[in-house]
Amino acid sequence: ALIELGYWLKKSNLKKYNYILVAFSGEELGLFGSKYFADNSPIATNTINYMINMDMVGRLNDSTQSLSVGGFGTSPVWSELISKEDKNFKIKIDSSGTGPSDHTSFYLKDIPVLFFFTGTHTDYHKPGDDADKINYNGIIKITSYIKNILTATNEKDKIAFTKTREVHSGMRSSFKVTLGVMLDYTFSGPGIYVDAITEDRPAHKAGVEAKDIIMQLGDHPLADVQAYMKALSTFEKGQTTTMKVKRGDKELMLPVTF
């Protein structure tokens, strides 16, 4: 998708702005690549118009056509260009400019962001995540959708930035531990909704299941993803704590070791 956008931009008539296409590394370790870029940008960050993060766009579900779009609240312009009632996708909108992905590094520099995500899958972080499982037609559709956004913003002056919610300081640091869960970033809380579990990681070993809602981690109530990230930053590798987990109408207390 990134390469196709670059190819298209080179041939396009969008000449009002320059475009930088970057494949960041170290995202899972704590947004290392994007944070370094944002902190050491080759151009002044106050001149960057916006950032689009194509986080995982290769597994569009043909039956649901569900596409999560984050960062919706980071600029008033996005509400003009993005609608839940899209004819090609079932758009799931999240207003927040933060989350455990590379757009966070730019949002923290007061840059409007958009985050595109087709959802978790059972091959995540596994050798079975092979090219034959990519939905190539889905990638074409999503890339075309993003092209339309680029075209529309090319007609506008520098777009306005809007803060979406308080940013906790814990988000700026990398994490020493992880639970090994994939979250539904559009879940409005309270708690964090578990979309999928990575095998042999702390959450899996503790007995967490997909569709669980983690309500508390240690002494930290989890109102949302930001609270979860702040809580994670307080734990060390090898440390044991408890999780309060909601599973259906049951509440469980599960011990977890990082």
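The values are calculated or read from the model by the stated rules, or taken from the named source; none is laboratory data. These numbers were taken from a predicted model, which means no experiment stands behind them. Cβ: placed from backbone, ideal geometry, glycine included. Neighbour counts: every protein chain shown.
So which residues in the range 125-139 are hydrophobic (A, V, I, L, M, F, W, C) and over 20 Å from Phe89 (Cα atoms)?
Listed by number, the list holds a single entry, Ala131.
Check whether at least one residue in the range 12-23 is surrounded by 14 or more Cβ atoms within 10 Å (Cβ to Cβ), over 22 Å from Glu155 (Cα atoms) and touching a residue at least 12 places away in the same chain (Cβ under 8 Å), and report yes or no.
Scanning the range 12-23 turns up no residue that is surrounded by 14 or more Cβ atoms within 10 Å (Cβ to Cβ), over 22 Å from Glu155 (Cα atoms) and touching a residue at least 12 places away in the same chain (Cβ under 8 Å).
Of the residues that make up the range 121-144, is at least one in contact with a strand residue (DSSP E or B) (Cβ under 8 Å, 6 or more places away or on another chain), modelled with pLDDT of 90 or more and more than 26 Å from Glu209 (Cα to Cα)? Walk me through how you get there before you give the answer.
As a first pass, look at the range 121-144 and keep what is in contact with a strand residue (DSSP E or B) (Cβ under 8 Å, 6 or more places away or on another chain): 121-122, 124, 142.
Among the residues that remain, those that are also modelled with pLDDT of 90 or more are: 142.
Subset that is more than 26 Å from Glu209 (Cα to Cα): 142.
Yes: the range 121-144 contains one or more residues that are in contact with a strand residue (DSSP E or B) (Cβ under 8 Å, 6 or more places away or on another chain), modelled with pLDDT of 90 or more and more than 26 Å from Glu209 (Cα to Cα).
I need the full set of residues from the range 1-25 which are part of a loop (DSSP other than H, G, I, E, B) and more than 22 Å from Phe117 (Cα to Cα), in order please.
Filtering the range 1-25 down to residues part of a loop (DSSP other than H, G, I, E, B) leaves 1, 12-25.
Passing the criteria: Ser12, Asn13, Leu14, Lys15, Lys16, Tyr17, Asn18.
Select, from Pro76, Pro100, the only residue that is in contact (Cβ under 8 Å) with a residue 40 or more places away in the chain and farther than 28 Å from Gly26 by Cβ. Spell out how you get there, then give the answer.
Numbers: Pro100 fails: farther than 28 Å from Gly26 by Cβ.
Step by step, each of Pro76, Pro100 is checked, and only Pro76 is in contact (Cβ under 8 Å) with a residue 40 or more places away in the chain and farther than 28 Å from Gly26 by Cβ.
Before we move on, is Ala160 among the aliphatic types (A, V, I, L, M) and modelled with pLDDT of 85 or more? It would help to see each step written out before you state the result.
Details: among the aliphatic types (A, V, I, L, M): yes; modelled with pLDDT of 85 or more: yes.
Here the answer is yes, as Ala160 does meet what is asked.
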